[in-house]
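Student: Handing you this structure, nothing more for now.
Each value in this text was obtained by applying a stated rule to the coordinates, not by laboratory testing. Since the structure is predicted, the reported quantities are computational estimates derived from the model, not experimental observations. Glycine gets a Cβ as well: all are built from the backbone with ideal geometry, and neighbour counts include every protein chain shown.
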Amino acid sequence: MNAKVYALPVPFANYQQTANVIALPKRTKYGLQETLPFEWPVKQPTNYLSPRVTELKPQDFNVRPTSRTELPSATQWSMRLVQALIEVLNGNRSLSQLIRWVTPEVMSGLKLQLNRKGFPKFIVRSIHVHETDDGVAEVSAVFGSPNRSFALALRLEGLDGKWRATSIVWGF
């Protein structure tokens, strides 16, 4: 279908410019528009009050405990975390990728504990999760090589809307 479309100007027969209307700049021959005014004049006061910036920010930057109802599944989350820890131990993942998942105290402990060389490649064998309190889960995992088994214990706490490991104990 071939059709021609024509754009016709609006008739200005009854147009009168008032004082509260700002005439926007016209397009130039290159198709660019000049800068728009920073503020628009308002004739009538509005009933809407914009929120202040301080109302949108939290009052402090401390970690906030989170209830179990606002957290994802502890079982699925702990399975991912244990697998990621074993990948760090195997050398397949960087330790810095776990910063969001653990507290700073646990991260500094992991840097010291996982700095060992010569480990065989480990696999995760089983994971058990027990939620002891609202927003608290304790995880026990078994991992190892074909010849040996080792244990891993984690304490997960709901902080700032996500699970974070607050304690990790390796059973080497």
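Student: Points 7 angstrom from Cα along the Cβ direction at GLN97 and SER73: gap in nanometres?
Tutor: Each label point lies 7 Å from its Cα, and together they span 2.2 nm.
Student: For a footprinting-style exposure proxy, rank LYS111, LYS162 by other Cβ within 10 Å, fewest first.
Tutor: Fewest to most other Cβ atoms nearby, the residues stand as LYS111, LYS162.
Student: Considering only LEU95, ALA153, SER140, whose Cα is most displaced toward the positive end of the charge dipole of region 68-171, charges sitting on Cβ of Lys, Arg (+1) and Asp, Glu (-1)?
Tutor: Selected residue: LEU95.
Student: Work through the residues other than GLY144 whose Cβ is under 14 Å from its Cβ and net out their charges, Lys, Arg +1 and Asp, Glu -1.
Tutor: It works out to a net charge of +3.
Student: Beta carbons within 10 angstrom, averaged per residue: use that to sort the peptides 94-100, 154-160, 133-139, highest first.
Tutor: 154-160, 133-139, 94-100
Student: Let me know the Rg and Dmax you get for region 68-171 when you use only its Cα atoms, in Å.
Tutor: Rg then Dmax for region 68-171, in Å: 13.3, 42.
Student: Which net charge results when you count Lys and Arg as +1 and Asp and Glu as -1 among the other residues whose beta-carbon is under 13 Å from that of THR69?
Tutor: Its environment carries a net charge of -2.
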